[in-house]
Each structure stands twice: as C-alpha cells, then as structure tokens.
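Undergrad: Take a look at this one; I'll ask things after.
The values are calculated or read from the model by the stated rules, or taken from the named source; none is laboratory data. Model, not experiment: these values are computed from the prediction. FYI the Cβ positions are ideal-geometry reconstructions off the backbone, even for glycines, and counts take in every protein chain you see. Accessible surface is based on the protein model in full, side chains and every heavy atom, while ligands, DNA and RNA are left aside. Shrake-Rupley method; radii C 1.70, N 1.55, O 1.52, S 1.80 Å.
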Amino acid sequence: MSMTRPPDIRPVVAFDRFALWCVLGLVGCGDGTGPLLEFPDQPAPDPQPPVVAFKDVRVVSTQTDRSLEGQTVLVRDGTIEAVGPVASVSIPGGAFVVEGFGRYLMPALTDMHVHITEDTFEELRNDYLVYLANGVTTVRIMWGFRTMLNERDSIDTGALLGPDLFIASPGMDGPGGPWAESTAPVATVAEARQTVAEYAAAGYDFIKVYNLLAPDVYEAIVDEAALHGIPLVGHVPGRVGIERVQSVDQRTSEHFIGLKLAASSGFTAGTIDVSRVRELVTRSAAVGLWHTPTITVDALSRDERDAIRAGHELGFIAPGVREFFESGFHHGLTGSTASRERDNHELMIREVDRAGAGLLVGTDAGFGWMLPGFSIHDELDGIVAAGLEPSEVLKAARVNAAAALGVSGEMGQVIPGFRADLILVPADPLRDVRAIRDHDGVMVRGRWLSRGTLDTWLEQIRAGYGN
Ligand SMILES: [Zn+2]
C-alpha cells in the first residue's frame, strides 16, 4: 500500500478531520470535484475508546447484492450498536470516528479450514496477526491440539489478540494414515468411544473424522459424539462413503472427498459423473451437510506453488509453517492435471450451489503452500471463478460459516447486535471480491486496526524472521 499518512492528527482533538484532510488535499472535498484519491490512515488511539463510529460508509449486505450508502455504523464494546443514515445516527462524544468517505464496510471473513503448523507460540501469535491483516477474524482449526484450547480461551477473554478460534479435535483416523505420528490411530469401537469422550471433556468444539476409519469405528464415533453433544466435522472416510455420512449427524464435509469417491473415475482430475454429483448434493441440501470445496489447495498447480514460494507474502509466514510446506507432500499438480482438477471442483461448487446445499469457504492454510490469511483471497476468487456471484461467496464466507459453527445470529451481517468484526474496503466487494485485498483496515471484536497499523505489524513480523 502506498498511502500518504496524514500529519499526526490526534482523534481526541475536536475538529473536523475531514475538513482538514480536504484542505490538505488528502481526500476529495465532498463537493463532487472528483473521486477520493488518497485514503488517510486512521489508526485508533491507544487506549481505544469503547465506542467507535464508522461515518459515511456504504454498508455491504450479505443478504442481498446491494449496499446501502451514507450510513453511520456505531460499535460499542465489540458489538454493533446502531446502523443508519449519517443524519439520523448521532455519534456520542468521546467516540473514535473512522471517516468512511463512502467506502464499503463489510463483515469480516471466516476461514473454515486451517491448520496449526507453527513451531512456537511466538510464530503462532504472529500468524494470528497475519490472519487479521487479511480480514480473517474467525478460523476453524481442523486438527487441534490441547495447547490450542488455552489460546482460544485467551483470545475469547481478550488477553490475546487474534481471530476467534473454533477448534476441531485431532483427526480421528484408522491405522495406516499419514498423520499417525502426531495422533494415535483409532482401530476399535472401544478406542473410538474413549477418544471421543476425552476430546469432548478436553473442550474441543468439534470431533474431526478422517479418511481411513472403519465403518463400525465411524458409527461408534457418531454415537459417542451425540452422547456428548459435540458435533462431527471432517472428511468422508472412504469405507463409510458420503451417503452414510449424509444419514448421520456429520455437519461438514471437506475437500469434496465424498463426492469424488462416489462420482469420479479417479480421485484427482477424474471424469465426473454429473448426474451422480447432482443426486448427492441434493441430498446434502436436504440433510444440511455443508461442503468446504478447498479449490485453491486441491487444484494448486506446480506453477502456482512456485509463485507462492517466490512471493513477497511468504516473508510474513512463520518459519515452522514454511518448513512444513517444504517437507510436505503437496507441491502442486503438474501439467493438465491441475486444470482438470480445477474444472472438477468448479463443477462441484456449481452443483452444490444449484442444489441449494451449504457452501463454506476454507483454505487448508498451514498445509500445501496455503498461506495463513492470504490464501482466503485466492479461495474467494476461485469460488467466484466457478460461477458464483460475489454476494453468494461473501455470504458463504461469513453467514454460512456462522451457521456451520453454531453461532448464527452473532456474526456475518452489519446489523445491530452482531459482532463488530468488519472490513473497510475501497471498492464494492459485491462487484469484485478482489477489492477486499486492498482494505483500509479491519475491526476485530470492536478493536479497529487501521491498514497502517496492520502493515507496521506485518513488517515487524517479516523483520523478526529475517526476511
Ligand atoms: Zn486440512
């Protein structure tokens, strides 16, 4: 970002910053003389007052494909308190005001599929900031560890700054799986029941199921999870199959694994039986099974891997994560395999959408060269490229996420009573989701992080890693 910073203007000083910036030529003067050329960085004072007002913003709806201009959005103690026309919402004295200049205020993003592969807590906490800097204020960790539960609670209480963490258990897999070294496999019904009980007692938000579970072990997991009231998420185990998964209470299905196993001639880049996919996703719609396509990681090409490896953004990512990428087994698909795989995922995304089944946005960040935070923008692009409207994709990235996380009615819209997790964006994200990459700042739980603040943090992280 090459933004001119205004001189040191303290927001506590009671004069009209808009008028000053207009005189300084930092912004258009609102007299119709032309578009806004520069957006001034507006860092929050420290400590930030409990009330923050976004003045003169266009509020982006996740329910329609329209945004509402000329609005003031009032945030108090982390919650949206009021939304209305500038003339009718009065801003309390002492509030910190972010001048919107007609920019777009949208709900922040949720990444529904991330992994923790950092080596240290310092790295992990840096990556939290990288998520926030990308507008991701909620993540679902899809292979949790016990130490993460404390992190989740520290973020909840505000002791630690980071995205809200929803944490699935370590993946429950049968013997012979690729992650057996980090998590012991589950081979018997008795082990399955005991493990689910332990994970539920430990405080995980979900039980994650994985590829190689035996059918009787899977059934035991389903049953035991129901006893403890803990929802099931994860892969479709190959020997269980998607139809069985659809008939039990598994909430989400990752990577289109179940669809591919049931309706493709080969797992990667096979020939898809479209009518079979249609039949299956119609069932998903009926039973409420959510699908997380993870198109970016699954269709990653070797060229895309090379670009990420050589890219500027890798410099912000923890060494532990980078080492995991280098040593990992996913380095992108070669030749036409990548484009065929992308076509297949795009087809399945369209079929999920047409059937009215639930779509989620998840990246697999922390695995397979998916960078924490940054990769969600590629996933949004990837789903739009499949043919969905930006409004549907943004709805998937927040409203659907809230529903699948069991927190509907708390986040995903810019309306009173909802969590103040917001992104201020220079252009209409309902026309082009790429505008979100160029945001002017992010609010997490009512705390405003201007672009300048976030960029400073990112540079400190990069310097700390010696990049
Ligand atoms: Zn994953």
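Undergrad: Can you tell me the order of 374-381, 153-160 when each peptide is scored by its average per-residue count of other Cβ atoms within 10 angstrom, highest first?
TA: Highest to lowest by the protection proxy: 374-381, 153-160.
Undergrad: If you wrap a convex hull around the Cα atoms of the stretch 198-322, how much volume per residue is inside, in Å³?
TA: 142 Å³
Undergrad: Separate question: Could you tell me the distance between the Cα centroids of the stretch 115-189 and the stretch 200-228, to the nearest Å?
TA: Spelled out, the Cα-based centre of one part sits 18 Å from the other.
Undergrad: Now for a different question. For the Cα atoms of the chain, what angle does the longest principal axis make with the long axis of helix 375-385, in degrees from 0 to 90, nearest 10?
TA: Rounded to the nearest ten degrees, it is 80.
Undergrad: If I fit a long axis through the Cα atoms of helix 451-464 and take the longest principal axis of the Cα atoms of the chain, what angle between them do I get, 0 to 90°, rounded to 10?
TA: Helix 451-464 sits at roughly 60 degrees to that axis.
Undergrad: Now for a separate question. Apply the Karplus parameterisation 6.51 cos²θ - 1.76 cosθ + 1.60, with θ equal to phi minus 60°, to every residue of the stretch 337-353 and state each ³J(HN,Hα) to the nearest whole Hz, in sequence, with x for glycine and proline.
TA: 4, 4, 6, 5, 5, 4, 4, 5, 5, 4, 4, 5, 4, 4, 5, 4, 5
Undergrad: Right, here's the next one. Which chymotrypsin sites (Phe, Trp or Tyr not before Pro) from the stretch 95-129 combine a DSSP loop assignment with at most 13 other Cβ atoms within 10 Å?
TA: Taking the stretch 95-129 and a limit of 13 other Cβ atoms within 10 Å, no loop chymotrypsin sites (Phe, Trp or Tyr not before Pro) are found.
Undergrad: Below 20 Å, Cα to Cα, which aspartates and glutamates can Lys260 reach? Residues fewer than 8 away in the same chain don't count.
TA: Hits, sequence-local ones excluded: Asp173, Glu243, Asp273, Glu279, Asp298, Glu341, Asp343, Glu346, Glu351, Asp353, Asp364, Glu379.
Undergrad: Short version: ³J(HN,Hα) in whole Hz for each residue of the stretch 144-152, in order, from phi by Karplus 6.51 cos²θ - 1.76 cosθ + 1.60 (θ = phi - 60°), x for Gly and Pro, what are they?
TA: Ordered by residue, 3J(HN,Hα) equals x, 10, 4, 4, 5, 5, 5, 4, 4 Hz.
Undergrad: Continuing with this model, one more query. Order Lys208, Lys55 by their accessible area, 1.4 angstrom probe, all chains in place, largest first.
TA: Lys55, Lys208
Undergrad: Using packing as a proxy for protection, rank 161-167, 225-231, 239-245 so that the peptide with the highest average count of other Cβ atoms within 10 Å comes first.
TA: Packing order, densest peptide first, comes out as 161-167, 239-245, 225-231.
Undergrad: Hey, what D do you get for the chain in µm²/s if you plug the Kirkwood alpha-carbon radius into Stokes-Einstein at 10 °C and 1.306 mPa s?
TA: Taking Rh from Cα pairs, D becomes 69 µm²/s.
Undergrad: Taking Cα pairs under 8 Å and at least six residues apart, what relative contact order does the chain come out at, in percent?
TA: Details: 983 pairs, mean separation 88.3, N = 467.
It rounds to 19 percent for the chain.
Undergrad: Between Val98 and residues 5 or more places away or on another chain, which pairs have amide H atoms under 5 Å apart, with H built 1.01 Å from N, and which residues are they?
TA: Ala53, Phe54, Lys55
Undergrad: So how far apart, in nm, are the two label points at Gln194 and Leu68 if each is 7 Å from Cα heading toward Cβ?
TA: Computed distance between label sites Gln194 and Leu68 equals 5.6 nm.
Undergrad: Leaving ligands, DNA and RNA out of it, report the carbon-plus-sulfur percent of the accessible area of the stretch 109-405 at a 1.4 Å probe. Could the numbers behind the result be given before it?
TA: On the way: 5250 of 10420 Å².
Summing carbon and sulfur atoms, their accessible area is 50 percent of the total for the stretch 109-405.
Undergrad: Residues with amide H under 5 Å of Gly441's amide H, sequence separation 5 or more or different chain, H placed in the peptide plane at 1.01 Å from N; which?
TA: Placed amide hydrogens put Leu424, Arg451 under 5 Å from Gly441.
Undergrad: Taking θ as phi - 60°, what are the ³J(HN,Hα) couplings along the stretch 60-74 by the Karplus curve (6.51, -1.76, 1.60), each to the nearest whole Hz, with x for Gly and Pro?
TA: After applying 6.51 cos²θ - 1.76 cosθ + 1.60, I find 7, 8, 9, 9, 10, 9, 10, 10, 10, 8, x, 9, 10, 10, 9 Hz.
Undergrad: Here's another thing I want to ask about it. Quick one: angle between helix 274-287 and the longest Cα principal axis of the chain, in degrees between 0 and 90, rounded to 10, please.
TA: Approximately 70 degrees, to the nearest 10.
Undergrad: So what is the calculated 222 nm ellipticity per residue for the chain, using -39500 (n - 2.57) for each DSSP H run with n of 4 or more, over all residues, to the nearest 500 deg cm²/dmol?
TA: -10500 deg cm²/dmol
Undergrad: A further question on this structure: Using mean Cβ contacts within 10 Å as the protection proxy, how do 433-439, 217-223 order, highest first? Numbers along the way, then the final one.
TA: On the way: 433-439: 18.9, 217-223: 22.1.
Result, highest mean first: 217-223, 433-439.
Undergrad: Right, next: With a 1.4 Å probe and all protein chains left in place, how much accessible area per residue does the chain have, in Å²?
TA: 39 Å²
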